[in-house]
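Computed from the coordinates by the stated procedures, all read-outs in this text should not be read as laboratory data. A quick note: this is a predicted structure, and the numbers were derived from the prediction, not measured. Note: ideal-geometry Cβ built from the backbone for every residue, glycine included; neighbour counts use all protein chains shown.
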Amino acid sequence: MSMTRRLISLPMPFLAAAVLVAVSLLAGAGAFSARKAASEVMYPAPLDQFAAAWEERDPAKIAALYAEDATLSEAVIDGDRREGRAAIQQWLEANFAGFPDLALVPRSAFVSGDDAAIEWTYTGTYTGQIPGLPPGNGLKIAIPGASVLHYRDGLIVEDTMYYDRATFEAQFMAGLSGEGDATPQP
């Protein structure tokens, strides 16, 4: 599988099909394959700001890309929904507290009008602590996923994240409980 990023502008009917294909392909993608830094890739506006803010690892800068009334939903079984920029920033801060080296590594992006999708891998080393969980033990994770975004006036108003929760639980929860090596394999 080529790791070259492809940027495609598509009419809306093709966007949904492209997102479904990208999410399906993620299941077989190697999590720690060599990739260029986000700053080396040109993403179409407004995804260029999204990728750059994540590369800076600054929860406030990332949250500033969302409208005050934005929602961030996890489209997985028992997925959480955060409503409002403040709740989104709190979620980001908790993630960065647990994974100080947290990165949302972009792989490809699709844009059509006020709708966009970005394929990513969520990577990090659990050396901090997320509220309600045990302290970090150096566990490394890599979770492939995608976000479907809707913009209004240049700000994200809806972010729906798709990822494999079973992969997350296998890597993170098994690694925390000491039930074997949960470090992702290349």
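All other residues with a Cβ under 14 Å from the Cβ of Pro131 taken together, and with Lys, Arg as +1 and Asp, Glu as -1, what is their net charge?
-2
Excluding Gly145 itself, calculate the net charge of residues whose Cβ lies under 13 Å from the Cβ of Gly145, where each Lys or Arg counts +1 and each Asp or Glu counts -1. Numbers along the way, then the final one.
Working: positive: Arg107, Arg165; negative: Glu74, Glu119, Asp159, Asp164.
Around Gly145, the surrounding residues sum to -2.
Can you tally the net charge around Ile77? Count Lys and Arg as +1, Asp and Glu as -1, for every other residue whose Cβ sits under 12 Å from the Cβ of Ile77.
Details: positive: Arg165; negative: Glu74, Asp78, Asp80, Asp164, Glu169.
Overall, the nearby charge balance is -4.
Roughly how many nanometres apart are two label points built 7 Å out from the Cα toward the Cβ at Asp48 and His150?
Distance between label points: 2.6 nm.
Would you kindly state how much longer the chain becomes between Glu83 and Asp101 on full extension, computed as 0.36 nm times their sequence separation minus their alpha carbon distance, in nm to one decimal?
Numbers: separation 18, 0.36 × 18 = 6.48 nm, distance 2.53 nm.
Extra length from Glu83 to Asp101 when fully extended: 3.9 nm.
Could you give the length gained on full extension between Ala166 and Glu68, defined as 0.36 nm per residue of separation minus the Cα-Cα distance, in nm? Don't skip to the end; give the middle numbers.
Working: separation 98, 0.36 × 98 = 35.28 nm, distance 3.14 nm.
Additional length available on full extension: 32.1 nm.
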